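Everything on this sheet refers to the single structure shown next.
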Amino acid sequence: MIKTRFAPSPTGFLHVGGLRTALFAYLFAKKMGGKFLLRIEDTDRERFVEGGMENILNSLHWAGIKPDEGVDFDASKNIVQTGEVGPYIQSERLEIYKKYIDELTQKDHAYYCFCSKERLSEVRKVQEINKQPTGYDGQCRNLSIEDAKERIKAGESCVVRMKMPKEGATKFTDLVRGEVEFKNELIDDQVILKTDGFPTYHLAVVVDDHLMGITHVIRGEEWISSTPKHIKLYEMFGWEVPQFAHLSLLVNEKKQKLSKRHGDVSVEDFKEKGYLPEALVNFISFLGWNPGDERDIFSLEDLEKEFDMAQVGKAAAVFDRIKLDWYGQQYIMNMDLTDLATKCESFYHNAGIKTEDWNLESVVQLEQGRANTLVEIVENTGFIFAEKLEYESELLVWKKSTKEDAKEKLQLVSEFLNTLEGEWSKEILEEKVLPWIKDQGFGNGDVLWPVRVALSGLKNSPGPFEIAGVLGKEKTLERIKVAVGLV
Ligand code: GLU
């Protein structure tokens, strides 16, 4: 049985790069009829952030990625762990790691190291001056286990390091990158147990991936140089080595690493901006993968069927915000209007707009087809709800025309609109007003521009008939009257 995992550290919010890793691991498992597991890697206590685990789960749930095993929310959003081989939160597995670290020290695959921080930084300094590769110099590598135990008993503090072989090379076939080889002599004797009693990521990840039955380790490229250490640990334990797939880095349009300094990077940011989760997931799925043909709209369900690791490229994937906006717009455009209006409610609420007295669907429809995000819908339709529009009276004047002219047209059109009885909609208004303008011998712009500004107060907005349809007769006439008073 194929099993993949996503193993984030709860260090804040979920980065979009993390969502890409989670998505690809999830899709690979689904495509192969396997399972997707979620494990929390919280052994680095210095980077631990309170609430970080909830943030990650919230973001994954929002994106629709649900683990089959491991850490998850229950229906009331409590954190739960399901599966046979838990716990799935590393800080709850310290006893397990201890056992395996003891096994390594006993088999002479690992050793206790008593070097102080000061000594290590001194060693590093000398290496840098001599332009040598930096790393641990092996001072404690040959201490006997008995001596080490004596020193521990005497209260000396220590770490445990793995004994990396000094010759040969470690090779593996990466599912994305092909053959990869690292010279062993360049690999440090990695610390596997820290002075605080917590294992390091390197030991914990190997023990857990093995005990949890992970067959395919799918993770970011930044971990590729750690992989030979992990492979050696598998070999030291005598365990089968899983397959590895290292996903390329995400970069921005300027080919820089995607970081907070250059704008939004957390899933939470995109959620708050009002991107639909389906749009973000579809966009993210194309960061390194493509179906090999022209299609670009894929639901999560489609992706579960079509995703193919063989189509994942190794070039850095560009996080192109223009493309993301395009996806945003496509998904809003194709969404059921009732659902869209419901989704927008909380965004209106956050913007302090009361929507109760309005037919929200008709308001939202003004921007469906135009907006990329729900926040844009709210921002671009805010004028509808305004008690009083704020704009300069000059804005009412169409091109080379004059204030007097704008006033006259507004007055005349308002008289005409007042005579209309029965249904009041964009279509009817268009049908009635356009011939009227023609009959009067006016230009369309001379009438429609001031009307549009009178109704919206904006330089750019949806068309006057659309807005009037949403506002209704009374509010439309009221706004025109205010405009007449302004010019
Ligand atoms: N805890 C690591 C991280 O935060 C996981 C790396 C891996 O998948 O092995 O990215």
Exercise. Which residue, of Glu150, Glu103, is assigned to a helix (DSSP H, G or I) and in contact (Cβ under 8 Å) with a residue 60 or more places away in the chain?
Worked result: Glu103
For this session: Report yes if some residue within segment 431-454 is touching a Lys or Arg at 6+ places or on another chain (Cβ under 9 Å), surrounded by 12 or more Cβ atoms within 10 Å (Cβ to Cβ) and among the charged types (D, E, K, R); otherwise report no.
Result: yes
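Among the listed residues Leu247, Leu276, identify the single one that is in contact (Cβ under 8 Å) with a residue 24 or more places away in the chain and more than 16 Å from the ligand (Cβ to nearest atom). Full working, then the answer.
Details: Leu247 fails: more than 16 Å from the ligand (Cβ to nearest atom).
Sole residue among the options that is in contact (Cβ under 8 Å) with a residue 24 or more places away in the chain and more than 16 Å from the ligand (Cβ to nearest atom): Leu276.
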For this session: Report, by residue number, each residue of segment 1-42 that is surrounded by fewer than 21 Cβ atoms within 10 Å (Cβ to Cβ), near the ligand (Cβ under 9 Å from one of its atoms) and among the charged types (D, E, K, R).
Result: Glu41
Exercise. Looking only at segment 38-68, which residues are of a type in the set (A, V, I, L, M) and either closer than 17 Å to His210 by Cα or part of a helix (DSSP H, G or I) (or both)?
Worked result: Leu38, Ile40, Met53, Ile56, Leu57, Leu60, Ala63
Seminar exercise, completed: Result of the Cβ filter at 9 Å on segment 291-317, keeping first residues that are more than 19 Å from Leu19 (Cβ to Cβ) and partners that are of a type in the set (A, V, I, L, M) and part of a strand (DSSP E or B), at least 6 apart or interchain, is Lys314/Leu247
Exercise. Is it the case that Ser76 is free of Cβ contacts under 8 Å to residues at least 12 places away in the same chain and assigned to a loop (DSSP other than H, G, I, E, B)?
Worked result: yes
For this session: For Val49, indicate whether it is β-branched (Val, Ile, Thr) and modelled with pLDDT under 95.
Result: yes
For this session: Would you mind telling me which numbered condition in (1) more than 13 Å from the ligand (Cβ to nearest atom); (2) surrounded by fewer than 17 Cβ atoms within 10 Å (Cβ to Cβ) Arg47 fails?
Result: (1)
Seminar exercise, completed: Note on Glu356: of the conditions (1) assigned to a helix (DSSP H, G or I); (2) more than 19 Å from the chain's Cα centre (by Cα), unmet is (1)
Exercise. Mind checking whether some residue in segment 10-23 is in a loop (DSSP other than H, G, I, E, B) and more than 26 Å from Ala317 (Cα to Cα)?
Worked result: no
Seminar exercise, completed: In segment 44-74, anything closer than 25 Å to Leu203 by Cα and β-branched (Val, Ile, Thr) is listed as Val49, Ile56, Val71
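Results for (1) in contact (Cβ under 8 Å) with a residue 60 or more places away in the chain; (2) over 29 Å from Leu448 (Cα atoms), shown as yes or no for each residue.
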| residue | (1), (2) |
| --- | --- |
| Trp326 | no, yes |
| Leu337 | no, no |
| Glu345 | no, yes |
| His349 | no, yes |
| Val363 | yes, no |
| Leu374 | yes, no |
| Phe383 | yes, no |
| Tyr391 | yes, no |
Seminar exercise, completed: Of the residues in segment 299-326, those that are over 19 Å from Asn380 (Cα atoms), under 17 Å from the mean Cα position of the chain (by Cα) and not aliphatic (A, V, I, L, M) number 5
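Yes/no per residue for (1) in a helix (DSSP H, G or I); (2) among the polar types (S, T, N, Q):
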{"position": "Gly70", "(1), (2)": "no, no"}
{"position": "Ser91", "(1), (2)": "yes, yes"}
{"position": "Arg119", "(1), (2)": "yes, no"}
{"position": "Val126", "(1), (2)": "yes, no"}
{"position": "Pro133", "(1), (2)": "no, no"}
{"position": "Asp137", "(1), (2)": "no, no"}
{"position": "Cys140", "(1), (2)": "no, no"}
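If I filter segment 461-476 for residues that are assigned to a loop (DSSP other than H, G, I, E, B), surrounded by fewer than 15 Cβ atoms within 10 Å (Cβ to Cβ) and of a type outside the set (Lys, Arg), do I get at least one hit?
no
May I ask you to list the residues in segment 226-244 that are closer than 21 Å to Glu46 by Cβ and touching a residue at least 40 places away in the same chain (Cβ under 8 Å)? First the steps, then the outcome.
Taking segment 226-244 as the starting set, the residues that turn out to be closer than 21 Å to Glu46 by Cβ are 226, 229.
Within segment 226-244, just Lys229 meets the criteria.
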Exercise. If you go through segment 259-268 one residue at a time, do you hit one that is within 15 Å of the ligand (Cβ to nearest atom), farther than 18 Å from Ser9 by Cα, in contact with a strand residue (DSSP E or B) (Cβ under 8 Å, 6 or more places away or on another chain) and not in a strand (DSSP E or B)?
Worked result: no
Problem set entry | Lone unmet requirement of (1) assigned to a loop (DSSP other than H, G, I, E, B); (2) within 16 Å of the ligand (Cβ to nearest atom); (3) closer than 24 Å to Phe114 by Cβ for Pro165 | (2)
Exercise. Which pairs do you get when a residue that is closer than 18 Å to Gly441 by Cβ, found in segment 398-422, comes within reach of a residue that is aromatic (Phe, Trp, Tyr) and surrounded by 14 or more Cβ atoms within 10 Å (Cβ to Cβ), reach meaning Cβ atoms under 7 angstrom, with the pair 6+ apart or on two chains?
Worked result: Trp398/Trp449; Ala406/Trp398; Lys409/Phe442; Phe416/Trp436
Exercise. Does Ser362 meet the test of being more than 28 Å from Met333 (Cα to Cα) and of a type in the set (S, T, N, Q)?
Worked result: no
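Results for (1) within 15 Å of the ligand (Cβ to nearest atom); (2) modelled with pLDDT of 95 or more; (3) part of a strand (DSSP E or B); (4) crowded, with 19+ Cβ neighbours inside 10 Å, shown as yes or no for each residue.
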{"position": "Thr173", "(1), (2), (3), (4)": "no, yes, yes, no"}
{"position": "Asp188", "(1), (2), (3), (4)": "no, no, no, no"}
{"position": "Val205", "(1), (2), (3), (4)": "yes, yes, no, yes"}
{"position": "Ile214", "(1), (2), (3), (4)": "yes, yes, no, yes"}
{"position": "Arg219", "(1), (2), (3), (4)": "yes, yes, yes, yes"}
{"position": "Lys229", "(1), (2), (3), (4)": "yes, yes, no, yes"}
{"position": "Leu233", "(1), (2), (3), (4)": "yes, yes, no, yes"}
{"position": "Lys255", "(1), (2), (3), (4)": "no, no, no, no"}
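The values are calculated or read from the model by the stated rules, or taken from the named source; none is laboratory data. Bear in mind that the values here come from a model prediction, so they are computed numbers and not experimental data. For neighbour counting, all protein chains shown are included, and Cβ atoms are generated from backbone atoms with ideal geometry for every residue, glycine included.
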